[in-house]
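All of the numbers you see were taken from the coordinates with simple rules; none came from a lab. This structure is a prediction, so every number in the text was calculated from the model and none was measured. FYI the Cβ positions are ideal-geometry reconstructions off the backbone, even for glycines, and counts take in every protein chain you see.
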Amino acid sequence: MGLIWNLASLAKNAKQAVGSLEQVKGQTARCYGALKQVQDNLIQKTYDKAQAGNNEAQFDMGERFFQGLGVPKDYAESAAWFLRAARQGHARAQNYLAMMCFLGRGVNVDPAEAYKWSCLAAASGEEEVLNTKRKIASKISPEALAEGEKRVAEFKIVMETPPPQG
């Protein structure tokens, strides 16, 4: 008889545990929904700033698409955002763009363009960026190197103006 009571008690405890797990599951789903809403709001605010010409927000959007953070991973979209920030002198965006041009991620492989962006980024003096420039320079042809240097000389930083309101 003691065995039956023990089994009945275990069954009751198991039923209570399942009920508790269902409650936790519901709470987890609500928390996930709330976090997703916060993330979506953050992405929208960043997107709005990026559209208005903020190069740090443009870089952030580029990183989001490069890594798939809250948005689908999309190298072409990432490159487009990095390009907008890079044209405004954002060194990290220039560095990412250099690597993307060198590897052909989201853009066509273009060693001269890769070298151009790596040179522009190297003006920041950051060691990681300087390493990227050295690596690219060591792996491209002398012609691509010369073309890249020509493009650096022709480059002008462009400050984006926000689109007209209305």
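Against the main long axis of the alpha-carbon atoms of the chain, helix 55-67 sits at an angle near 60°.
The simple Förster model, with R0 at 30 Å and r as the Cβ-Cβ distance, assigns Glu22 and Ala52 a FRET efficiency of 0.10. Cross-link reach is defined here as a Cα-Cα straight distance under 21 Å, omitting same-chain residues fewer than 8 places apart; for Lys15 the lysines meeting it are Lys25. For the chain, the residue among Ile140, Cys101, Leu42 whose Cα projects farthest onto the positive side of the dipole built from Cβ charges is Leu42.
Relative contact order, whole percent, for the chain stands at 16, derived from Cα pairs under 8 Å and 6 or more residues apart.
Here Lys133 is the anchor, and the lysines within straight C-alpha reach of less than 28 Å, apart from those fewer than 8 places off in the same chain, are Lys73, Lys116, Lys150, Lys156. Roughly how tilted is helix 2-51, in degrees to the nearest 10 and between 0 and 90, from the longest Cα axis of the chain? The two axes meet at around 20 degrees. Each Lys and Arg adds +1 at its Cβ and each Asp and Glu adds -1 at its Cβ; summed about the Cα centre, the chain shows a dipole of about 600 debye. Expressed as a fraction of 2.2 N^0.38 Å, the C-alpha radius of gyration for the chain is 1.68.
3J(HN,Hα) along region 108-125: 6, 4, 8, x, 5, 5, 4, 5, 4, 5, 5, 5, 5, 5, 5, 4, 5, x Hz, from the Karplus curve 6.51 cos²θ - 1.76 cosθ + 1.60 with θ = phi - 60°, whole Hz, x for Gly and Pro.
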